[in-house]
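Just below is one structure, and these are the notes that go with it.
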Amino acid sequence: MFENTLLGRLIEFDPFTNIWFYITLYTYWSYMSFRILGVDHYTLHQAKQGNLEALYKIEVLSDFYCGSIKNVEGSRLVRMVAITSFVMGVLLTYGFYYQSHLSQAISFFFFPWAGLHALSHVTARKILEQKLKGVALALILRRQLLITRLFSLPILVFSALWGFVQIVKGYYS
């Protein structure tokens with residue numbers, strides 16, 4: 001698209017050869033694993049050590065976040081899932097059938113994001129239904145943090161390997 005312009009000759013726009021794609025991906029996943037349901041990692045660590053102020057802060061922040069998730073129910077949730085599924089389907093089709101590297105990169109960015117938000121929605125519903133407070137709330141948030149971190153590492157590695165394969169395929173073809 002930009003290859004024949006002056007800007008295209010100066011800047012490599014292919015996302016898998018562009019270092020900014022990987023910096024953005026890493027920064028995003030670092031942020032996702034730092035703040036779980038509105039609660040930052042440092043506060044969770046303090047709550048694990050028994051800090052009562054941190055436990056109170058966790059309750060307040062998670063109540064606010066879970067309350068906002070509770071507002072997305074019924075037809076709004078169905079519309080949100082339908083729109084996300086359509087956009088992801090278009091991105092995946094365009095990216096992997098038509099070999100658009102930009103669509104592949106966006107898919108690697110947003111597909112796991114949608115999965116983690118669905119997992120956050122399930123966790124928030126569990127917190128609201130079971131009315132978790134204190135240590136039980138901190139434990140479920142720490143579990144969510146662990147799942148997010150375990151989920152992010154393979155995505156970063158797979159994106160880097162996929163980008164390497166695309167670069168090698170483009171170089172030797």
Counting just the residues of the stretch 55-82 that are under 28 Å from Val135 (Cα atoms) and among the β-branched types (Val, Ile, Thr), which one comes out surrounded by the most Cβ atoms within 10 Å (Cβ to Cβ)?
-> Ile58
Just one listed residue, out of Leu102, Leu145, Leu91, Leu128, is in contact with a strand residue (DSSP E or B) (Cβ under 8 Å, 6 or more places away or on another chain) and surrounded by 13 or more Cβ atoms within 10 Å (Cβ to Cβ), and it is Leu145
Out of (1) crowded, with 16+ Cβ neighbours inside 10 Å; (2) hydrophobic (A, V, I, L, M, F, W, C); (3) modelled with pLDDT of 85 or more, what's the single condition that is false for Leu52?
-> (1)
Please give the number of the condition Lys133 fails out of (1) at negative phi; (2) surrounded by fewer than 13 Cβ atoms within 10 Å (Cβ to Cβ).
-> (2)
Tally of residues being aliphatic (A, V, I, L, M) and either within 17 Å of the chain's Cα centre (by Cα) or more than 20 Å from Ile167 (Cα to Cα) (or both) across the stretch 93-109 | 2
Write out, first by first residue and then by second, each pair whose Cβ atoms fall under 7 Å of each other, whose residues are 6+ apart or on separate chains, and whose first residue, in the stretch 24-46, is without any contact (Cβ under 8 Å) to a residue 24 or more places away in the chain while the second is charged (D, E, K, R).
-> Phe34/Asp40; Thr43/Lys57
Single condition Asp40 does not satisfy, out of (1) modelled with pLDDT under 80; (2) acidic (Asp, Glu); (3) under 30 Å from Tyr65 (Cβ atoms) | (1)
Of the residues in the stretch 114-125, those that are of a type in the set (A, V, I, L, M, F, W, C) and either crowded, with 16+ Cβ neighbours inside 10 Å or touching a His at 6+ places or on another chain (Cβ under 6 Å) (or both) come to Leu116, Ala124
Per-region count, the stretch 34-49, residues more than 18 Å from Ile147 (Cα to Cα) and surrounded by 12 or more Cβ atoms within 10 Å (Cβ to Cβ) | 2
Identify the single condition in (1) farther than 20 Å from Tyr28 by Cα; (2) touching a residue at least 24 places away in the same chain (Cβ under 8 Å); (3) out of contact with any Asp or Glu (no Cβ under 9 Å at 6 or more places or on another chain) that Ala136 does not satisfy, given that it satisfies every other one.
-> (2)
Within the stretch 17-33, considering residues that are hydrophobic (A, V, I, L, M, F, W, C) and surrounded by 15 or more Cβ atoms within 10 Å (Cβ to Cβ), the one farthest from the chain's Cα centre (by Cα) = Phe21
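The values are calculated or read from the model by the stated rules, or taken from the named source; none is laboratory data. Here the structure is a predicted model, which means the values were calculated and not measured. Note that each Cβ is placed from the backbone with ideal geometry, even for glycine, and that neighbours are counted across all protein chains shown.
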